[in-house]
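*Asks:* Structure below; questions to follow.
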Amino acid sequence: MSERVLIAPSILSADFTDLGNAVRLIQDGGADFVHVDVMDGHFVPNLTIGPPVVKALKRVAEIPLDVHLMIDNAEDTVGWYLEAGADWVTVHAEACNHLHRVVQTIRGAGARAGVSLNPGTPVEMIRDVIGDLDMVLVMSVNPGFGGQSFIPRSVDRVRRLAAICAEEGVSPLIQVDGGIDPVTAPLVTAAGARCLVAGSAVFCQDDPVASMNAIRAAAEKVL
Ligand code: DX5
Ligand code: ZN
């Protein structure tokens, strides 16, 4: 049997007046995570949601909340998201002065720790913390907005990250976020990704659950 690919629909593309039902819909439909995009208007040029919304989502989520912090100075506020109920917390390597310390804080609170890399950041820079991570997120768009086009070079970045994991003898979950749909999904899973974030290719479709499952099916076909 082939390996399973985990799907993390991003509620950034859901109807913000009805987030509870968006979470129920995808979890009943078989999603593995609820991907929550937190943006601060500084690290990325957009402003979305914060700890009170994470806390509210936690009340309806029966699957793990995968909180993607696109914020500066995550070391100052990561505790807010942990207290709000984030199960997985991903910070950006570019936004943390003390990346190792933030990872320890996340794990010390009992959550799973991820580190994300922007498209312009060399994947090699993750090597010295990779043994402390539960997940590495390879951004396949420049973060800030849903609905952007997949950057083709991301496939090679995933491949090089998978090679670093093998060299270091570790196996964090490799997640890819941005422009994922049934066409791009198999490209990144063939390169080593095992968790895919998808926003517009799920929530902007007529049937979000069928769309989510089509992404998973396409992604698993190449394994
Ligand atoms: C982008 C966010 C993504 C975004 C993905 O900054 O981190 O999670 O919601 O949206 P799509 O799948 O539409 O590219
Ligand atoms: Zn995201």
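Throughout, read-outs are computed from the coordinates displayed, never taken from laboratory work. The shown structure was predicted, so the numbers you read here are calculated from the model rather than taken from an experiment. A quick note on method: Cβ atoms are made from the backbone with ideal geometry, for glycine too, and the neighbour counts reach across all protein chains shown.
*Asks:* Starting at 0 and stepping by 10 Å, how many percent of the alpha carbon pairs of the chain end up in each bin?
*Replies:* Going from the shortest bin to the longest, the percentages are 9, 37, 40, 14, 0.
*Asks:* Taking only DSSP H segments of four or more residues, each worth -39500 (n - 2.57), what value at 222 nm results for the chain once the sum is divided by all its residues, to the nearest 500 deg cm²/dmol?
*Replies:* Dividing the helical sum by the residues of the chain leaves -10500 deg cm²/dmol.
*Asks:* Could I ask something else about it? Express as a percent, rounded to the nearest 5, the fraction of DSSP beta bridges in segment 37-127 (both residues included) that run antiparallel. Intermediate values should be presented prior to the final figure.
*Replies:* Numbers: 1 of 12 bridges.
If we restrict to bridges inside segment 37-127, about 10 percent are antiparallel.
*Asks:* Which percent, nearest 5, of DSSP beta bridges in the chain are antiparallel?
*Replies:* Working: 1 of 32 bridges.
Of those bridges, close to 5 percent are antiparallel.
*Asks:* With only Lys, Arg, Asp and Glu charged, each at its Cβ (+1 for the first two, -1 for the last two), find how big the charge dipole of the chain is about the Cα centre; round to the nearest 20 debye.
*Replies:* Charge dipole of the chain: 300 debye, to the nearest 20.
*Asks:* A follow-up question, please. With the cut-off at 1.5 for a/c, could you classify segment 36-115 from its C-alpha gyration tensor as rounded, prolate or oblate?
*Replies:* Taking the square roots of the gyration eigenvalues as a ≥ b ≥ c, segment 36-115 is oblate.
*Asks:* Mean shadow of segment 99-223, computed from the convex hull of its alpha carbons, in nm²?
*Replies:* For segment 99-223, the mean projected area of the Cα convex hull comes to 7.9 nm².
*Asks:* Exactly which trypsin sites (Lys or Arg not before Pro) in segment 89-185 are in a DSSP loop and have at most 11 other Cβ atoms within 10 Å?
*Replies:* Arg153
*Asks:* Next question. Based on alpha-carbon centroids, what's the gap between segment 84-161 and segment 1-68 in Å, whole number please?
*Replies:* 17 Å
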